[in-house]
Amino acid sequence: MDGDNSKADEIKRAKIRRALLSGPDCITRDATVAEMDAQEEMTVLRQGTNQRVCVPGNENIIGQADMCLDPMGMRWMLDVMARKSKPSNTTVMPRSKLSRSHPGTMPAWFTFRVQAAADSLSSSQ
């Protein structure tokens with residue numbers, strides 16, 4: 001029985017390590033690490049002290065990448081997974097006003113990973 005626990009602990013450590021690679025150390029260091037099961041229920045793998053949540057994704061499925069989200073990003077991701085027509089935390093802002101220097105604009109690495117996850121979800125239907 002002890003072998004099962006050590007294998008489970010090893011898997012949990014690998015998931016935490018993978019999730020923490022999803023962003024810069026200054027963000028992920030104090031983040032909560034959680035994973036979502038098939039029923040879209042979150043399980044905390046490691047409690048954090050900031051508002052970020054990092055998820056390990058699934059290294060065996062293309063498009064289910066690891067990511068680290070702030071509270072707004074998490075709301076957006078949960079809305080996408082719930083197949084809502086638009087995220088519940090959006091405001092209308094003309095695209096012309098968004099730029100890389102705008103504080104509300106997501107970094108390219110984040111946008112790519114979230115888009116890949118959304119594409120994966122829509123193609124699995």
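The values are calculated or read from the model by the stated rules, or taken from the named source; none is laboratory data. Just so it is clear, the model here is predicted, and its values are computed rather than measured. Methodologically, a virtual Cβ is constructed for each residue, glycine included, from the backbone with ideal geometry; neighbour enumeration extends over all protein chains shown.
What about Gly57, is it in a loop (DSSP other than H, G, I, E, B), in contact with a strand residue (DSSP E or B) (Cβ under 8 Å, 6 or more places away or on another chain) and buried (at least 19 other Cβ atoms within 10 Å of the Cβ)? Please lay out each step first, then the result.
Working: in a loop (DSSP other than H, G, I, E, B): yes; in contact with a strand residue (DSSP E or B) (Cβ under 8 Å, 6 or more places away or on another chain): yes; buried (at least 19 other Cβ atoms within 10 Å of the Cβ): yes.
Yes.
Look at Asp66 and say whether it is in contact with a Gly (Cβ under 8 Å, 6 or more places away or on another chain) and crowded, with 19+ Cβ neighbours inside 10 Å.
yes
Go through the residues of the stretch 37-50 one by one and say whether even a single one is touching a Gly at 6+ places or on another chain (Cβ under 9 Å) and not hydrophobic (A, V, I, L, M, F, W, C).
No, that holds for no residue.
In the stretch 1-50, which residues are in a loop (DSSP other than H, G, I, E, B), surrounded by 12 or more Cβ atoms within 10 Å (Cβ to Cβ) and either among the basic types (Lys, Arg) or at pLDDT below 90 (or both)?
Arg29
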